[in-house]
1. How many of the residues in segment 3-24 are in contact with a helix residue (DSSP H, G or I) (Cβ under 9 Å, 6 or more places away or on another chain) and outside any strand (DSSP E or B)?
2. Output the number of the condition that A5 fails; it satisfies all remaining conditions of (1) within 10 Å of the chain's Cα centre (by Cα); (2) within 16 Å of G60 (Cβ to Cβ); (3) among the hydrophobic types (A, V, I, L, M, F, W, C).
3. Of all residues being part of a strand (DSSP E or B) and more than 12 Å from K52 (Cα to Cα) in segment 25-40, which is modelled with the lowest pLDDT? Just the residue, please.
4. Looking at (1) touching a residue at least 12 places away in the same chain (Cβ under 8 Å); (2) exposed (fewer than 12 other Cβ atoms within 10 Å of the Cβ), which one does E40 not meet, given that it meets all the others?
5. Assuming A61 fulfils every condition listed in (1) modelled with pLDDT under 95; (2) surrounded by 12 or more Cβ atoms within 10 Å (Cβ to Cβ); (3) part of a helix (DSSP H, G or I) apart from one, which condition is it?
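The values are calculated or read from the model by the stated rules, or taken from the named source; none is laboratory data. Because the structure is a prediction, the values reported are computed rather than measured. Because the Cβ atoms are built from the backbone with ideal geometry, glycine has one as well, and the counts that use them run over all protein chains shown.
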Amino acid sequence: MLGAAFNWLEIDGVSYLRYNTKTVAVVKPGEVVIRWGSTETGGRCGSVAQGKRYVERWFGARLGNR
């Protein structure tokens, strides 16, 4: 579970993870992009739900599983 400063925004089948007012991850059908600090990573996913789970685990691992 991510902290209160994170929230998902859904627009036209694309999910945007927002941290305060900044977009830090984008999940489209088949694609994930994460931008955090000076790090940018991306990959493929089978579905938007799978991509969102990956993003949440990625941030949880780096921020201490809030």
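1. Adding up the residues that qualify gives 2.
2. With respect to (1) within 10 Å of the chain's Cα centre (by Cα); (2) within 16 Å of G60 (Cβ to Cβ); (3) among the hydrophobic types (A, V, I, L, M, F, W, C), A5 is out only on (1).
3. Of segment 25-40, the ones part of a strand (DSSP E or B) are 25-28, 31-36, 39-40.
Right, trim to more than 12 Å from K52 (Cα to Cα) and you get 35-36, 39-40.
On the way: R35: 96, W36: 93, T39: 90, E40: 95.
Among those residues, the one meeting the criterion is T39.
4. Unmet condition: (1).
5. (2)
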